[in-house]
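Here the structure comes first, spelled out in structure tokens, and everything after it is commentary.
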Amino acid sequence: MDDELWLFRHNVRRFIREEFVPCQARWREQHAPDPDAWLKAGEAGILLPDLPEEFGAGGTYAHEAVVIEELARARVHFGSNVHSIVAHYILSYGTPEQKMRWLPRMNTGELVGAIAMTEPSAGSDLAAIRTTARRKGDRYIINGSKTFITNGLRAGLVCVAVKTDTSVAGARGISMILCETRGLGGFRTGSSFEKVGRGAQDTCEMFFDDVAIPAENLLGGKEGRGFGQMLERLPYERLSIGVASVATIETAVEITTRYVKERIAFGKPLIDLQSVRFKLAECSTEAHIARVFVDSCIQRQIAGTLDPATAAMAKYWLTEREFQIVDD
Ligand SMILES: Cc1cc2nc3c(=O)[nH]c(=O)nc-3n(C[C@H](O)[C@H](O)[C@H](O)COP(=O)(O)OP(=O)(O)OC[C@H]3O[C@@H](n4cnc5c(N)ncnc54)[C@H](O)[C@@H]3O)c2cc1C
């Protein structure tokens, strides 16, 4: 953190408190944020904070982490990190024309991003996807379905993992194609799922029935690179999940500390009971370790040295700690 990041955090926190927190009950009920929430977020400068200035806010991953943390602290479910993931696919692999076409509109919130990899019969085993995109003249014809897609209802731009070459098995022959969904014939979404968590966020199925997409929407312009692209982008996604977990852990410890100081039982505040202090000390210790670990990952992400194994450790360990500490 430095002065500029603290100021950014202050503005993000205020925006979330004023614009998003009061809407949470409605968002949860409709299983999706209000459509104009994205434009408001764009106007407030909290979308794509770590993209270069010509496309985003010109910050680093530290800015992205601040947004993720503040959303988690306020317990607001808003898929801006998935939006960022899609933008980074375009930034990393897109042609100059693709970047100019989509990133500025994603930055303002006019175009909401989603990434569609998972299928009803292909989750962790991503190489088993069955959605196809067959080249026909200057178009791809997409057929298949996807599930669990975050931002699915609101998405105007979906980065879809497809098989462009069905003659080769497994990971080979997979490509990423960007679909602009507005008025797109043959494309539809299911209703937003009722989930155990993240109730205010839209997560849904997507169906592609002879959907025609201009061939120039193939990410990077070359077929067969999709699986490698997905693997390369996973550390970013995994780290962001870890960042949210640490913010939730710290918030849980803060809320509980406040509560045990206020709550009187057996004639004194709960904090005076040694068993309560023991448990809080354990949780605070792990919160501290989690913070040091995630900060080191953030620094490595900014330096471009975060390796896939460490990012996987962050997602695994920090989410496990999150659930355990919240339960405790
Ligand atoms: C809230 C939420 C949001 C999501 N958002 C998106 C999104 O935006 N875009 C997207 O593409 N996907 C998204 N997903 C999907 C997510 O990526 C998948 O859930 C994940 O890849 C796992 O796939 P699966 O749920 O089909 O389970 P699978 O991984 O297919 O597992 C099925 C079963 O097999 C078991 N299993 C799997 N592998 C092994 C193994 N090696 N050994 C033993 N058992 C195993 C599992 O434990 C499970 O019981 C989201 C999911 C959730 C819950």
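What follows draws every value from the coordinates through simple rules; no lab data is involved. These figures come from a predicted structure and were not determined experimentally. Cβ: placed from backbone, ideal geometry, glycine included. Neighbour counts: every protein chain shown.
Tell me the mean residue ellipticity at 222 nm calculated for the chain from its helices only (DSSP H runs of n ≥ 4, each -39500 (n - 2.57), averaged over every residue, nearest 500).
-16000 deg cm²/dmol
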When the chain is modelled as a GNM with alpha-carbon springs shorter than 10 Å, which of I271, I298, I141 fluctuates the most? I271
Under 5 Å, built H, 5+ apart or other chain: amide partners of A116: C159, V160, A161
Peptides ranked, highest mean first, by Cβ atoms within 10 Å: ranges 7-13, 161-167: 161-167, 7-13
Within the set K163/K195; K146/K315; K99/K222; K163/K222, which residue pairs have Cα atoms separated by over 20 Å? K163/K195; K146/K315
Square roots of 5 times each gyration tensor eigenvalue, C-alpha, segment 31-154, largest first, Å: 27, 19, 13
Using the Kirkwood radius built from alpha carbon pairs, what does the Stokes-Einstein equation give as D for segment 255-303 at 4 °C and 1.567 mPa s, in µm² per second? 103 µm²/s
Efficiency by 1/(1 + (r/R0)^6): what FRET value for R291 and A44, r their Cβ-Cβ distance, R0 = 30 Å, to the nearest 0.05? 0.70
Under the Kirkwood approximation applied to all pairs of distinct alpha-carbon atoms, what is the hydrodynamic radius of the chain in Å? 20.9 Å
Over all directions, segment 1-64 yields a Cα convex hull whose mean projected area in nm² is 4.7 nm²
Local charge sum around Q98 (other residues, Cβ-Cβ under 13 Å, Lys/Arg +1, Asp/Glu -1)? +1
Can you give me the C-alpha center-to-center distance between segment 263-315 and segment 24-75, rounded to a whole angstrom? 24 Å
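Would you mind ranking F78, F207 by Cβ crowding within 10 Å, fewest neighbours first?
Ranking F78, F207 by Cβ neighbours within 10 Å, fewest first, gives F207, F78.
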Reachable aspartates and glutamates from K279, criterion Cα separation under 14 angstrom, eight or more residues apart if same chain: E254, D327, D328
Per-residue ³J(HN,Hα) for segment 222-236, Karplus 6.51 cos²θ - 1.76 cosθ + 1.60, θ = phi - 60°, Hz, x for Gly and Pro: 10, 6, x, 9, x, 5, x, 5, 5, 4, 5, 8, 4, x, 4
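For segment 150-260, what percent of Cα pairs sit more than 22 Å apart?
Cα-Cα pairs in segment 150-260 separated by more than 22 Å: 52 percent.
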Equivalent ellipsoid, segment 119-208 (semi-axes from 5 times Cα gyration tensor eigenvalues, Å): 24, 17, 9
